[in-house]
Amino acid sequence: MKDFPDAAALHRVLRGTFGIDVFRAGQKEVIQALFAGRSALAVFPTGSGKSLCYQLPALFFEGVTLVVSPLIALMKDQVEKLRALGVGVARIDSTLADDEVEEVFAQIAGGGIRLLYLSPERLAGGAFRKRLKGIRIPLMAIDEAHCISEWGHNFRPDYLKIAGLSRRMGVERILALTATATVPVVRDIRRNFRIAKADCFQTGVLRPNLRITVTACAEHEKDGLLVEKLREIEGPVIVYATTRNATEAVATFLQKNGFSAKSYHAGLTPELRGQTQDSFMQNTTRIVVATIAFGMGIDKPDIRGVIHYHLPKCLEGYSQETGRAGRDGLPACCELLACMDDTRTLENFIHGSSPSAQTLKNLLDRILRMAAPGRMFAVSPYELSISHDMREETVRTVLAYLELGGNIRRGGSYHDYFRVRLLRPLESILAGRAPREKSLVRKLIAAGESAYGSLHFRLHEIQEKTGIARDKAAETIKELAAAGDIRMEQRGLREIYLMEKSWKEPPAGVIAGMSVRFDSRAAYEHERIRSVIAYAETRKCRAVHLSKYFGRHGTAPCGVCDLCRGEKPVKLTAGEAVDIPDGEWAAMSTLRAENHAALGTPLQMARFLCGIPSPAAAKAKLQRRAEFGVWQHHRFSNVLQMLEA
Ligand code: ADP
């Protein structure tokens, strides 16, 4: 097949398959670069048609185009849409059972798949790559490519490995896609994927139908202003707030004032979140008050307003969130209620989520001792995050740094824990099986721990207890499930690594090196907050200011933002910093007397009182207590200092 189709053929597919007549800004240039065999980067705002840039070429290329995307919901949605258009497409992510994965590989082998959507974790797994050996991969599209950069607002350690993997897999060209990339992020993406400067295509940051306003206010003025703005907007609105508690408080306030509003955050059950999202999509709920957990993958075209109730933590997030308004191209309002005091919570989160040198050292020591050089070992990032009270993301980052440093190498992954329910009596399950199999199943079932009507299997314990190898046990359980004899659930994901060598540098050097990386990231987060303030206080067109932030110069004024409309620039002033009154710490005596391990160090206690979630406190269900976040309006460093005194 020709790699460079003529214009007529291209338009036939564009119209015939996608129902599209003309390209939107940037699409043609990106597609041309790909057809010419070059890698490219597309930085287009949300909703401007990034996916077409790889979907169209994929239909012309020989082989299977891989699409790496971190959002399972978004992947499902895209796969369904493409399938409806008659395109051969499949996805492989963590929600698929083994036999479904096999089915996908069978389809690939049969030549029926043009696009394969994958999660980055799947791509990183060695087993998966082996299966793709011998398959031509003309193109790998990487969605949310800003996740590759530590200077992005959403760094994902798994992304760091994609570039290396793509080269090992013989991928012919790359298309990196993102809605938001600052200059350092673009540099990282280009360097990693070896994309020429001329092949980076960037369109405007904001769509011209968004009317942006920034209103300076004090904390106590926000609710009144919010009601006022909501009365001015007709139609669905998202209100973004920084903390989970705030989303609930604001939603309740709005309900009391007669608005149809619900809150949405990652702490709610998946069912509740699903219900809220559905009722918003179907226009039965008009307003969703949410943390930034809401929005990724929500493709509602007629959102008429996005209101930031708090200052956002960065302009990357802000422009992505505002970009969810008015995807249908009709006018929409974006309002930022800017209060300088909000920066305290944002800064606290930075202090609170950076690992201390001591925790880093403990974690590295632990990982380092897991195996001798040349031996395999398995880790559960989740369990490490609890035992070391670090965010799981941080544990994964540490593992990724170790991998990039050549200390460990990622193999596959497996589930260590199975919960099994027998659907038939054991004797009837055993009937008809070969004697050897019979004794294996009997031995395995007998080794399960019985509780609450289910059998529980921890594979590493089973191996110790019965000598049945982990793989064999897992395989047997899965086979029983496939035969309809049992129902099973797997949990406890463990990742397998090879200890490549012992430390190249003495551990002190590695720890210090890693500390520097985490510290400079924290410093950059602070700088980002300053950029948000500078944006709020800008004197020129907001769209122009944002474009410049993202490295685009020469943008024309939007004509519709508050400043273009002739409103006065905004000046933010901080309220008086309040000291923690004497005696407040004494009032915490009940909590202190309980001696919770999860609040054992001053750092852990300071996080808790400032309302910063931590894995250990969450596990101990402490975050539901009234004391959680009582000092969220105080500076984290002051709280810590007081506790250390
Ligand atoms: P993004 O990934 O940039 O957020 P999508 O790729 O999901 O955006 O595209 C958003 C919508 O725009 C989709 O419904 C898509 O079909 C449509 N679209 C893309 N390109 C065009 C075009 N050239 N003309 C008309 N509609 C388009």
Query raised in the report: Within segment 251-285, how many residues are crowded, with 17+ Cβ neighbours inside 10 Å and closer than 29 Å to residue 49 by Cβ?
Result: 6
**Report entry** Which listed residue is at pLDDT below 90 and either open to solvent by less than 30 Å² (accessible area, probe 1.4 Å) or in a loop (DSSP other than H, G, I, E, B) (or both), from 502, 520
**Finding:** 502
Query - Residue match in segment 56-68 (condition: at pLDDT 90 or above, within 9 Å of the ligand (Cβ to nearest atom) and either open to solvent by 20 Å² or more (accessible area, probe 1.4 Å) or over 25 Å from residue 110 (Cβ atoms) (or both)) - result: no
Requested in this report: Among the residues of segment 318-358, write down those that are away from the ligand (no atom under 16 Å from the Cβ), out of contact with any Cys (no Cβ under 6 Å at 6 or more places or on another chain) and farther than 30 Å from residue 516 by Cβ.
Outcome: 331, 333, 334, 335, 336, 338, 340, 341
Requested in this report: Collect the residues in segment 558-601 that are of a type in the set (A, V, I, L, M, F, W, C), open to solvent by 60 Å² or more (accessible area, probe 1.4 Å) and more than 15 Å from residue 215 (Cα to Cα), keeping them in residue-number order.
Outcome: 577, 578, 585, 586, 587, 593, 597
Requested in this report: Can you give me the ranges of the strands (runs of 3 or more DSSP E) entirely in segment 400-483 with at least 2 residues that are in contact with a helix residue (DSSP H, G or I) (Cβ under 8 Å, 6 or more places away or on another chain)?
Outcome: 408-422, 454-458
Requested in this report: Return yes or no: is residue 18 within 17 Å of residue 199 (Cβ to Cβ) and near the ligand (Cβ under 10 Å from one of its atoms)?
Outcome: no
Query raised in the report: Residues that are under 20 Å from residue 345 (Cα atoms): which helices (runs of 4 or more DSSP H) entirely in segment 577-645 hold 3 or more of them?
Result: 602-609, 615-619, 636-644
**Report entry** Filtered residue count, segment 286-297, keeping only those that are open to solvent by 10 Å² or more (accessible area, probe 1.4 Å) and of a type in the set (Val, Ile, Thr)
**Finding:** 2
Report task. Considering each of 440, 459, 402 in turn, give the residue that is in contact (Cβ under 8 Å) with a residue 24 or more places away in the chain, more than 30 Å from residue 613 (Cβ to Cβ) and open to solvent by less than 10 Å² (accessible area, probe 1.4 Å). Result -> 459
Query raised in the report: Does residue 329 fit the bill of being on the phi > 0 side of the Ramachandran plot, small (Gly, Ala, Ser) and surrounded by fewer than 21 Cβ atoms within 10 Å (Cβ to Cβ)?
Result: yes
Query raised in the report: Given the conditions (1) assigned to a helix (DSSP H, G or I); (2) within 25 Å of residue 544 (Cα to Cα), which single one is not true for residue 325?
Result: (1)
Report task. Kindly indicate which of 108, 92 is away from the ligand (no atom under 16 Å from the Cβ) and either surrounded by fewer than 16 Cβ atoms within 10 Å (Cβ to Cβ) or more than 26 Å from the chain's Cα centre (by Cα) (or both). Result -> 108
Query raised in the report: Among 360, 346, which is the only one that is open to solvent by 10 Å² or more (accessible area, probe 1.4 Å) and either of a type outside the set (Val, Ile, Thr) or in a helix (DSSP H, G or I) (or both)?
Result: 346
Requested in this report: Take segment 405-433 and flag every residue that is exposed (fewer than 14 other Cβ atoms within 10 Å of the Cβ) and within 28 Å of the chain's Cα centre (by Cα).
Outcome: 406
**Report entry** Scan of segment 21-45 for residues that are open to solvent by less than 30 Å² (accessible area, probe 1.4 Å), part of a loop (DSSP other than H, G, I, E, B) and within 12 Å of the ligand (Cβ to nearest atom), ordered by number
**Finding:** 26, 44, 45
Report task. Starting from residues that are assigned to a loop (DSSP other than H, G, I, E, B) and open to solvent by less than 40 Å² (accessible area, probe 1.4 Å), keep the ones in segment 191-206 and report whichever is nearest to residue 160 (Cα to Cα). Result -> 195
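The values are calculated or read from the model by the stated rules, or taken from the named source; none is laboratory data. Note that the structure is predicted; figures quoted are calculated from it, not measured. With ideal geometry, Cβ positions are generated from the backbone for all residues, glycine too; neighbour counts draw on all protein chains shown. The area values use the complete protein model at the heavy-atom level, side chains included, leaving out ligands, DNA and RNA. Shrake-Rupley method; radii C 1.70, N 1.55, O 1.52, S 1.80 Å.
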